[in-house]
Every structure is written in structure tokens, then in C-alpha cells.
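Read the structure below first, then the notes.
Bear in mind these aren't lab numbers, they're just calculated from the coordinates by the rules spelled out. Remember, it's a predicted structure, so these values are computed and weren't measured experimentally. Backbone-built Cβ (ideal geometry, glycine too); neighbour counts: all protein chains shown.
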Amino acid sequence: MSKGKQLRDLMASDGMVLAPGAYDGLTAKLVANADFSAVYMTGAGTSCSLGYPDYGLITMSEMVANAGRMADAVDQPVISDADNGYGNELNTFRTIREFEKAGVAGVHLEDQAFPKRCGHLEDKELIPLDDYEAKIRAAADARRDPNFVIIARTDARASLGFEEAVKRCNAALQAGADVAFLEAPQTMEEVAAAPREINGPCLLNVVRGGKTPEVEFAKAKEMGYRIAIVPGLLFVQVIGACEQILSTMKSEGKHPAPITEMSPGGAFGRAGAADWDPRREIYREAPPQAAE
């Protein structure tokens with residue numbers, strides 16, 4: 001079964017797929033180990049992990065490479081940020097081909113001009129709706145697996161208002177997208193209205209400290225959302241934990257007491273050591289000789 005089909009089946013059976021954000025193979029494994037049914041590759045986290053803010057500074061090939069590592073690391077379907085397709089509709093066509101080859105279940109594409117910015121920052125510039133529809137048509141046409149999921153994201157709420165964002169979501173669904181992603185609704189009324197006014201499955205982006213009010217996942221499911229992503233869940237906490245432990249070591253002049261007690265073996269276990277250890281014995285054993 002393809003990863004796209006796996007994701008579609010989860011959406012159909014679970015009602016709402018909850019996908020915590022991960023930014024590398026290890027954090028993807030941690031999401032999988034915590035028994036979540038899907039993983040979200042955060043573009044912001046990927047960008048920060050490479051030492052850059054989420055200002056559209058990461059290339060398509062860098063994003064695809066990271067998505068591929070994460071898809072290899074877990075059995076769960078990976079949903080990936082694909083920014084704005086990295087150019088026009090022709091670039092978008094190639095972008096979809098590359099992400100699909102990387103093994104992800106689907107991607108979301110936004111209607112920002114290049115370079116794009118995080119959806120919860122100010123001063124985002126949009127492309128015309130006609131150009132965005134062309135990108136979505138290209139994305140839908142590019143996929144070889146019809147189950148690969150195309151998620152259409154609009155950032156129109158910030159500059160053009162909620163109704164224009166709904167209009168763009170519906171236009172993208174008409175152009176061939178499978179799921180609509182209205183980024184950064186600003187009130188609970190807007191959060192609730194999006195699944196009612198958009199004519200297709202909707203994704204909710206849960207960003208603590210962003211423009212969207214906090215919503216419990218059960219409530220989001222009740223509102224009608226089919227996917228919820230939580231991009232900053234891990235990478236923001238990692239930043240805080242690293243800064244805390246580094247500050248402590250500098251002030252104490254020794255290896256500090258860890259925030260989380262864990263042996264090297266325990267850390268390797270989180271990365272899948274139990275899957276690798278038996279292989280040594282398997283491959284060292286001589287195969288039985290065939291009877292002559």
C-alpha cells in the first residue's frame with residue numbers, strides 16, 4: 001500500500017489525523033514511537049535545523065532530502081511542507097515528482113510569492129489566484145500515484161481576509177487539490193467556520209503562540225477538520241532544552257545534571273537499535289547447506 005493510500009485510509013477511518021511536527025529522522029522516530037498515526041515534516045523546523053529562519057531560504061532539494069530521510073525512518077505516512085512549489089507551475093510539477101519519489105504521503109503547497117515566510121509572521125506577499133490555480137493543476141497532474149495527497153494552503157487570511165481565504169481554498173479544491181489548508185484563522189469563529197464554508201476536507205495548523213487561538217484536538221475533530229498538524233511541538237522544545245542545559249554547564253563548570261536521564265544505549269534505542277542488533281547474528285550465521 002502506498003503512503004498516500006495509507007494517509008487517505010487514516011482520514012477515512014479515524015476522522016481526523018493528528019500529525020506532530022518532526023524535523024529529522026530521529027524526531028520522526030520519536031513521533032512514531034509515541035504511537036501517532038502520521039508524521040508532519042515541518043518546513044520551519046527543517047529550516048531552523050539547517051541554521052536558517054523560516055524565510056524561504058531552504059531549497060527544494062534540501063527539503064526533499066530531509067523528507068526522504070524521515071520517510072525512510074518510519075512506517076507511518078509523512079506529510080511534508082513543500083513551501084510554494086519553489087517557482088511557477090513547471091517548478092511545482094517537478095517538486096511534486098521529487099517529493100513523491102522521496103516516499104512521502106503528500107505535501108502542502110501555498111500561495112505565497114517567493115521568497116515565502118512563516119504563515120504566522122507579518123508581511124506575506126501572495127501570488128494571483130490564477131497563478132495559484134495553475135500550480136495546483138500542475139501538482140495534481142504531476143503525481144504518478146493518484147493517492148498522493150495534494151494539500152492546498154492559502155495565506156490570504158492575513159492580508160485579504162477570511163472570506164478571500166475561503167474562496168482560494170475552494171478554487172484550489174476545484175483545481176485538483178485533495179485537502180484545503182486555510183492558514184492562520186484568527187478567531188475561534190473563523191476556526192469553526194472554515195470546515196463549514198470550504199467544500200472539501202480541511203487541515204488545521206496548531207501553532208502555540210501564533211495567530212490562531214488554541215484548539216483542543218477533540219474540538220477540532222468535532223468541527224470537521226480531517227488533519228491537524230503541530231509543527232513546532234518538538235523543535236521549539238529542543239531549542240529551549242538545549243539553551244537551558246548549555247547555560248547550566250557554562251555556569252557550573254561541569255557536565256550538568258541532565259534534563260532527561262538517559263544512557264547512550266537508551267538514546268540509540270530511540271533511534272531503532274532493537275531493529276539493528278539482531279541483524280548482526282542473522283548475517284554471522286552460516287546458512288544451512290543444501291542436501292546433495
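Side notes on the structure shown:
- With K and R counted +1 and D and E -1, the other residues having a Cβ less than 11 Å from that of Thr42 yield a net charge of -3.
- Ranked by how many other beta carbons lie within 10 Å on average, peptides 262-272, 98-108, 209-219, 148-158 from highest: 148-158, 98-108, 209-219, 262-272
- Rounded to the nearest 10 degrees, the inclination of helix 162-175 to the longest alpha-carbon principal axis of the chain is 70 degrees.
- For the stretch 3-239, the Cβ-based charge dipole about the Cα centre amounts to some 460 debye (Lys, Arg positive; Asp, Glu negative; other atoms uncharged).
- Using the average count of surrounding beta-carbon atoms within 10 Å as a protection proxy, the listed peptides 39-50, 135-146, 20-31 rank, highest first, as 39-50, 20-31, 135-146.
- Axis angle, to the nearest 10 degrees, between helix 235-252 and the longest C-alpha principal axis of the chain: 50 degrees.
- The stretch 215-292 shape via C-alpha gyration tensor axes, a/c threshold 1.5: oblate
- Selection from Leu109, Trp276, Ala228 lying farthest towards where the dipole of the chain points positive, charges on Cβ: Trp276
- Reducing the stretch 255-279 and the stretch 29-57 to their Cα centroids gives an inter-centroid distance of 21 Å.
- Note on Lys3: lysines with a C-alpha under 30 Å away, same-chain residues under 8 apart excluded, are Lys29, Lys101, Lys116, Lys135, Lys167, Lys219, Lys221.
- Cα-based helix-to-principal-axis angle, 273-284 vs the chain, degrees rounded to 10: 50 degrees
- Kirkwood-based shape ratio for the stretch 3-239, expressed as Rg/Rh from alpha carbons: 0.92
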